[in-house]
Amino acid sequence: MKIKLLIVIALAFGITACSDSNESAVGLYKYSHNLSGTEKIAEIKKDGGAYLFIEDVIRKSNAIALAETADGLSYDNIPLKLSESGNIIYFGPVNGTRVDSQYLAERLITIEHNEKACAQLQSEVNENDKLMNKEQWNEYVKSIRDEKPDDCRIIGAGMRW
């Protein structure tokens, strides 16, 4: 009985030792874009035998294939590294913190809500454009800047001089 237990334990260790160490990188990571400061969510996933990196899941950027090297995953000699805890990714300019799919779902709902609010605000600006004098318009433009959602670009909402 003890021999069977030892064999089972040895097989379990053998199977986990043979597992792909790159699997631990698979997941979602949020990070702030260097230039714009906007939050992005990157994904590392395994598709068949290949590992793919998607820089921006929300805006659906193209996937790039990662090469498997002796040191882990890389792209064009840029290594993809994980922190010891496995919760932070370092890949070129991307330094991201691991998030779950629930976080991504909540972000997508927020973005959809913001897009609707932005479209409504754009419609309001279009209606008010011809109705207000210069002073009223400038006060109105100042007021909508505070209520404008992130990543909302309102066309025609500039100050009048």
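Annotations for the structure displayed:
- Note that the stretch 21-99 carries a Kirkwood radius of 12.6 Å, evaluated over its alpha carbons pair by pair.
- Residue order, fewest to most beta carbons within 10 Å, for Arg153, Arg98: Arg153, Arg98
- Contact order normalised by residue count of the chain, Cα under 8 Å, 6+ apart, percent: 15 percent
- Ranked Ser83, Ser74, criterion: other C-beta atoms within 10 Å, fewest first: Ser83, Ser74
- Among the listed options (i) 54; (ii) 62; (iii) 48, the one matching percent of Cα pairs over 21 Å apart as calculated from these coordinates is (ii).
- Label-to-label distance, nm, for residues given as Asn62 and Ile109 (7 Å Cα→Cβ offset): 3.4 nm
- Loop-located GluC sites (Glu not before Pro) in the stretch 50-109 (DSSP state other than H, G, I, E, B) with a sparse environment of at most 13 neighbouring Cβ atoms within 10 Å: Glu84.
- Angle in degrees between helix 101-128 and the longest Cα principal axis of the chain, rounded to the nearest 10: 10 degrees
- Coil-residue trypsin sites (Lys or Arg not before Pro) of the stretch 41-83, DSSP, other Cβ within 10 Å capped at 15: Arg59, Lys60
- The simple Förster model, with R0 at 30 Å and r as the Cβ-Cβ distance, assigns Ser83 and Asp47 a FRET efficiency of 0.80.
- Tensor-based shape of the stretch 103-147 (alpha-carbon gyration tensor, a/c under 1.5 rounded, otherwise prolate or oblate): oblate
- Normalised by the number of residues in the stretch 24-109, the mean separation of alpha-carbon contacts (under 8 Å, six or more apart) gives a relative contact order of 26 percent.
- Charge dipole (debye, nearest 20) of the chain; +1 at Cβ of Lys and Arg, -1 at Cβ of Asp and Glu: 220 debye
- Each of Ser24, Ala67, Gly96 was placed along the dipole of the stretch 21-99 (beta-carbon charges, centred on the mean Cα), and the one lying farthest toward the positive end is Gly96.
- Highest-MSF residue in the chain out of Ile144, Ile78, Ile64 [GNM, Cα springs under 10 Å]: Ile144
- Whole-Hz Karplus values for the stretch 145-161 come out as 4, 6, 9, 6, x, 4, 6, 9, 10, 8, 7, x, 9, x, 5, 10, 10 Hz, taken residue by residue from phi with 6.51 cos²θ - 1.76 cosθ + 1.60 and θ = phi - 60°; glycine and proline positions read x.
- Angle of helix 2-18 to the longest C-alpha principal axis of the chain, folded into 0 to 90 degrees and rounded to 10: 40°.
The numbers here are math on the coordinates, done by the rules we state, and not lab data. Note that the structure is predicted; figures quoted are calculated from it, not measured. As a convention, Cβ positions derive from the backbone with ideal geometry for all residues, glycine included, and neighbour counts pool all protein chains shown.
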